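Taking it in order: structure first as structure tokens, then the write-up.
The values are calculated or read from the model by the stated rules, or taken from the named source; none is laboratory data. Note that the structure is predicted; figures quoted are calculated from it, not measured. When we count neighbours, we look across all protein chains shown, and the Cβ atoms used for this are built from the backbone with ideal geometry, even at glycine. These accessible areas exclude ligands, DNA and RNA; they are computed on the full protein's heavy atoms, side chains included. Shrake-Rupley method; radii C 1.70, N 1.55, O 1.52, S 1.80 Å.
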Amino acid sequence: MQKQNKRAKCTGVKFLVCMYELGNKADSDSDSDPSGETSESLEMERQELLCEVKKKNNTKVIQEKMAKTFSCRRLEVVSDSPAAADFKERWPALFCEAEIKEEFRRITTISLEQTFMYKLDHYTPKLTTLMKGKGGVVGTKLRPFLDKLSQSLTIEMRREAVIRSLILYLGEKEEELFEDCLVDSRSDATQHILKILVVHVGDGEDPVDVSILLEGKEILSGCGTTAKACALLMGLIYALNLAYPPELRYTFEVFQKIFLELDGIKLSPKVQTLKLKLLS
């Protein structure tokens, strides 16, 4: 599996963190972290984390150690661009829902899932109206999702339908982000650079598992819903400093700049137009 070698540009707080970390690395006069820790003591903390993640009911200790080692972890990501699977082996504590959210907050100061879901729900009525007005081939592709949205749905099902239809509305393909499969015919993870795997028991049924695949490996399972998986994927992209896939550049731009309100001043013409319509 060929590793994605293009990395996303750092923006906002993320940019400042990256520049600080790289500047700190360049300072050859000191081996110390800003907190007073040395590279040796932080490596010891990392080694202890490998043991702590194997213990039960240990969330507080893990969170404290992850916070303490944040600077060296970010430096490793920014300077070395490690493969996702290799980084998971070194920092397994990061690859759970709670710590992905915490790492995102450390990088951006923003609450990942809360912000993403709030904005998704907030814009759903206007997005639905915009999609209903779409004609042509895209309008035809949107029709099944719009029909679904007109029914009585759970909030999870509505969010999924809105995200899938948003991808189509932006002129991109939902299958570039989502891989739908049945339990007895799961997709081969090695075939995917970046994908959300949605597993169903039968056609048309709610998913029984939602996983995130990165660089040919299943990086996170048990995401619960497709909308949550999208939010957690954004968290992983920031945590690993990954590039957005070019075939979904507008979708991820909306996730970042409209749903998470990060670097929202610089928008592509297409997303700028969408934002103006949402705010009108």
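Every residue, every condition in (1) β-branched (Val, Ile, Thr); (2) buried (at least 16 other Cβ atoms within 10 Å of the Cβ); (3) assigned to a helix (DSSP H, G or I); (4) touching a Lys or Arg at 6+ places or on another chain (Cβ under 6 Å), yes or no:
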| position | (1), (2), (3), (4) |
| --- | --- |
| 238 | no, yes, yes, no |
| 244 | no, yes, no, no |
| 247 | no, no, yes, no |
| 251 | yes, yes, yes, no |
| 255 | no, yes, yes, no |
| 261 | no, no, no, no |
| 266 | no, no, no, no |
| 273 | yes, no, yes, no |
| 276 | no, no, yes, no |
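What pairs come out if I take residues in the range 138-162 that are without any contact (Cβ under 8 Å) to a residue 40 or more places away in the chain and pair them with residues that are assigned to a helix (DSSP H, G or I) and of a type in the set (Gly, Ala, Ser) whose C-beta lies under 6 Å away, six or more apart or interchain? Sorted first by the residue in the range 138-162, then by its partner, the pairs are 142/165; 145/161; 145/165; 148/161; 149/161. Among the residues of the range 91-126, the one identified as closer than 20 Å to residue 51 by Cα, outside any helix (DSSP H, G or I) and of a type outside the set (Phe, Trp, Tyr) is 96. Taking the conditions exactly as written (out of contact with any Gly (no Cβ under 9 Å at 6 or more places or on another chain), of a type in the set (Lys, Arg), closer than 17 Å to residue 233 by Cβ and in contact (Cβ under 8 Å) with a residue 40 or more places away in the chain), does residue 119 satisfy them or not? Answer is yes for this residue. Of all residues in the range 144-169, those that are over 25 Å from the mean Cα position of the chain (by Cα) and in a helix (DSSP H, G or I) total 4. Here the range 209-236 is the region considered, the condition is being outside any loop (DSSP other than H, G, I, E, B) and charged (D, E, K, R), and the residue that is surrounded by the most Cβ atoms within 10 Å (Cβ to Cβ) is 228.
Listed here are the residues, each with its yes/no results for (1) in contact with a helix residue (DSSP H, G or I) (Cβ under 6 Å, 6 or more places away or on another chain); (2) hydroxyl-bearing (Ser, Thr, Tyr); (3) open to solvent by 50 Å² or more (accessible area, probe 1.4 Å); (4) within 30 Å of residue 65 (Cα to Cα).
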{"site": "103", "(1), (2), (3), (4)": "yes, no, no, yes"}
{"site": "122", "(1), (2), (3), (4)": "no, no, yes, no"}
{"site": "140", "(1), (2), (3), (4)": "no, yes, yes, no"}
{"site": "147", "(1), (2), (3), (4)": "no, no, yes, no"}
{"site": "162", "(1), (2), (3), (4)": "yes, no, no, no"}
{"site": "167", "(1), (2), (3), (4)": "yes, no, no, no"}
{"site": "183", "(1), (2), (3), (4)": "no, no, yes, no"}
{"site": "190", "(1), (2), (3), (4)": "no, yes, yes, no"}
{"site": "194", "(1), (2), (3), (4)": "no, no, no, yes"}
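Within the range 40-65, work out how many residues are under 17 Å from residue 98 (Cβ atoms), open to solvent by 70 Å² or more (accessible area, probe 1.4 Å) and in a helix (DSSP H, G or I). Total satisfying the criteria: 4.
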